[in-house]
Amino acid sequence: MDDLLMIVPTRGRPGSVSAVLDCWLKTEATADLIFAVDDDDPMLPGYRDHMESINDPRIRWYIGPRLRLCGTLNAVAVSEAPHYKFLAFMGDDNRPRTRGWDARFRRCLSEGPGIVYGNDLLQGEAMATTVAMTSDIVRTLGYMAPPAFIHLCIDLVWVDWGRGMGRITYLDDVILEHMHPANGKAESDDSYAESNSIKTLTTDSATYYNYRDNGGLQSDLEKLRMLVDQAG
C-alpha cells in the first residue's frame, strides 16, 4: 500500500480505465488508484471486464449507489482517510503527463496539513481540477468536498480551503491534462451533457456562493486553521 490514494469517480466511460492506467505506467506513478463506479451504470459490464483482467495490487475498485460525483468522492474518501496519509481526486478524463507527479505531490504535502494541485492545461491555477490533500483534512471535516455540491465548483472550494489555510501549492509544471470538450480534446457524451447542463451549473453555482458567503466556508476554515495550528 502506498501513502497516496488517487480517487477517480467514473461513469459511462470504461475506456478511461485503460487510458488512466497507461498514464500510470508512463509517468512511473506509485500511488494507489481506486476507480469508483455506480452500480446502475449502463456500462458496468465494461468496468467489470477491467476488474477481472487487471492484476495489480495498486488498482482497486469501489462499486456503490449513484451519488453523483461529489457524493461518490466523499463516500470513498471518508472510508479511506484512516488508511492513507494523502488523498487525491482526479476526473476520469484527466491524464497525468509528468513523470513523478505523485512524488511531487507528496513532497509538497510532507510538512503538514495542506493542498496541492497541478496544471490541467485548461483551468490552470484558477481551479484545482486534479487535487491532493493530507487526509487529516478529510478526517477533520468529515468530507473531501462539501456534500451540498453535485459535480461542479468543488475545485473552487479546494482553492478556497488551501488559501484560507495558508497551505496551498500550485505546480504549473506538473501536467494532469484535462481531456474535455471545452478544449476540443474529447467528444461530448451523456456524462458531459448531464454534468455540464444548465441545471447542474445553476445549482452548483448557487451552492458555491451560498457556501462561500453565508458561513459554510468560514466554518470549515476555522477547523482547518486549527488543524494547521495543532500540527505546529
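The values are calculated or read from the model by the stated rules, or taken from the named source; none is laboratory data. What you see is a predicted model; the values in this text were computed from it and never measured. Note that each Cβ is placed from the backbone with ideal geometry, even for glycine, and that neighbours are counted across all protein chains shown.
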Which condition from (1) free of Cβ contacts under 8 Å to residues at least 60 places away in the same chain; (2) part of a loop (DSSP other than H, G, I, E, B) is the one that residue 158 breaks?
(2)
The stretch 168-212: number of residues that are outside any helix (DSSP H, G or I), closer than 19 Å to residue 156 by Cβ and touching a residue at least 24 places away in the same chain (Cβ under 8 Å)
9
Residues in the stretch 124-140 that are surrounded by fewer than 18 Cβ atoms within 10 Å (Cβ to Cβ), in contact with a strand residue (DSSP E or B) (Cβ under 8 Å, 6 or more places away or on another chain) and on the phi < 0 side of the Ramachandran plot total 1
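Residues of the stretch 161-201 being closer than 30 Å to residue 226 by Cα and either out of contact with any helix residue (DSSP H, G or I) (no Cβ under 8 Å at 6 or more places or on another chain) or β-branched (Val, Ile, Thr) (or both), which ones? Steps first, please.
Initially, the stretch 161-201 is screened for residues closer than 30 Å to residue 226 by Cα, giving 161-172, 174.
Matches in the stretch 161-201: 162, 163, 168, 169, 174.
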Take the stretch 79-91 and flag every residue that is among the polar types (S, T, N, Q) and crowded, with 23+ Cβ neighbours inside 10 Å.
none
Select, from 182, 206, 126, 145, the only residue that is modelled with pLDDT of 95 or more and more than 28 Å from residue 80 (Cα to Cα).
206
Matching entry among 95, 107 (being among the charged types (D, E, K, R) and in a strand (DSSP E or B))
95
Pick from the stretch 209-229, criterion exposed (fewer than 12 other Cβ atoms within 10 Å of the Cβ) and charged (D, E, K, R), ranking: modelled with the lowest pLDDT
229
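Using the structure shown, decide if residue 43 is more than 24 Å from residue 155 (Cα to Cα) and touching a residue at least 60 places away in the same chain (Cβ under 8 Å).
no
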Does the stretch 92-106 hold any residues that are surrounded by fewer than 21 Cβ atoms within 10 Å (Cβ to Cβ) and either touching a His at 6+ places or on another chain (Cβ under 8 Å) or closer than 16 Å to residue 1 by Cα (or both), and which are they?
103, 106
Does residue 61 satisfy the condition of being crowded, with 18+ Cβ neighbours inside 10 Å, more than 13 Å from the chain's Cα centre (by Cα) and at pLDDT 95 or above?
no
Residues that are in a loop (DSSP other than H, G, I, E, B), modelled with pLDDT of 95 or more and of a type in the set (S, T, N, Q), drawn from the stretch 111-123
none
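Residues checked against (1) in a loop (DSSP other than H, G, I, E, B); (2) out of contact with any Pro (no Cβ under 8 Å at 6 or more places or on another chain); (3) more than 21 Å from residue 116 (Cα to Cα); (4) in contact (Cβ under 8 Å) with a residue 60 or more places away in the chain:
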site	(1), (2), (3), (4)
19	no, yes, yes, yes
30	yes, yes, no, yes
36	no, no, yes, no
51	no, yes, yes, no
73	no, no, no, yes
Kindly check whether there is at least one residue in the stretch 138-153 that is farther than 24 Å from residue 21 by Cα and without any contact (Cβ under 8 Å) to a residue 40 or more places away in the chain.
no
